[in-house]
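Okay, structure first, notes after.
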Amino acid sequence: MDYEIAGLPLHVLLVHAVVVLTPLCALLLVVLAAWPRARRTLWLPALIGTALLLPLGLVTIEAGKWLEVRVPPGPLIQDHTARGESIVPWLVGLLVVAVAVSAWALLERRPRGRGASVAASLVLIVASLAVGTGTVVTLVAIGESGSRAVWEGGFSETPLER
C-alpha cells in the first residue's frame, strides 16, 4: 500500500489528527465521567470519536513504518519508531472508558438508573483521568521523539543567509 497523498507522506498528515483528537477525546471522557448532564447528551459523540481514534492511530503507525524505510536511518528515528506503538494500549483504554461512560449514560436513562451511584461515578472519573493522562503523556513522548528526529540538527537559532 502506498502511504502518500499528493506526494506527502500520509504519516505526516495523520499525525496531526491524532495529536489533536486524542487529548480532545481524553478530556471529553473526563468531563462526561464527572458531569451527568453532559454524559446524557454527549456519550455517543465520545464513543464514536474514541472508536475512530483507534483505527486512525493504527493507520498512522503503519504509515510511519512505511515512512521509516524511506528516510535515512538513525537513532532518533529508531527511538521514535520504538515509542510509536506504545500509544495503542492507551487508545484501547480510551475506548474501554468510552464504552463504560456510554453504558453508564444509558443506564442512567432508565427510571431506576436516575439515582446513579456516586461510587460508579467516582470509578468513571478516576478511570477517565488515569487513562486520559496516560494517553496524553505517551502521545507527548512519542511526538517529542518524532519532532527531535525531524528537526534536531536541521534548525538554526539564527536566520540562515539566503
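The values are calculated or read from the model by the stated rules, or taken from the named source; none is laboratory data. All values reported here derive from a predicted model rather than from experimental measurement. All Cβ positions, even for glycine, are placed from backbone atoms using ideal geometry, and neighbour counts span all protein chains on display. For accessibility, only protein heavy atoms count, side chains too; no ligands or nucleic acids. Shrake-Rupley method; radii C 1.70, N 1.55, O 1.52, S 1.80 Å.
In degrees from 0 to 90, rounded to the nearest 10, what is the angle of the helix 88-109 Cα long axis to the longest principal axis of the chain?
20
Kindly report the accessible area of the range 101-162 per residue (heavy atoms of protein chains, probe 1.4 Å, no ligands, DNA or RNA), in Å². Before the final figure, lay out the partial values.
On the way: 4360 Å² over 62 residues.
Accessible area per residue, the range 101-162: 70 Å².
If you build the convex hull over the alpha carbons only and average its shadow over all orientations, what do you get for the range 61-162? Give it in nm² to one decimal. Walk me through the intermediate numbers first.
Numbers: hull surface 40.4 nm².
Approximately 10.1 nm², given one-decimal rounding.
Magnitude of the Cβ-charge dipole of the chain, K/R +1 and D/E -1, about the Cα centre, nearest 20 debye?
Values: 12 positive and 11 negative charges, 250 e Å.
Dipole size: approximately 1200 debye.
Given a 1.4 angstrom probe, I'd like the percentage of the accessible area of the chain that is carbon and sulfur, rounded to a whole number.
Details: 7050 of 9960 Å².
Result for the chain: 71 percent of the exposed heavy-atom area is carbon or sulfur.
What number in nm² do you get for the range 1-60 if you take the convex hull of its Cα atoms and divide its surface by four?
For the range 1-60, averaging the hull's shadow over all directions gives 4.4 nm².
Report the accessible area of L54, computed with a 1.4 Å probe over the heavy atoms of all protein chains in place, in Å² rounded to the nearest 10.
About 30 Å², ignoring ligands and nucleic acids.
Count neighbours as other Cβ atoms within 10 Å of each site's Cβ, and list the trypsin sites (Lys or Arg not before Pro) in the range 4-98 that are DSSP loop with at most 15 such neighbours. Each step should come with its number before you reach the end.
On the way: sites: R37, R39, R40, K65, R70, R83; in loops: R70.
Listed in order of number, the matching sites are R70.
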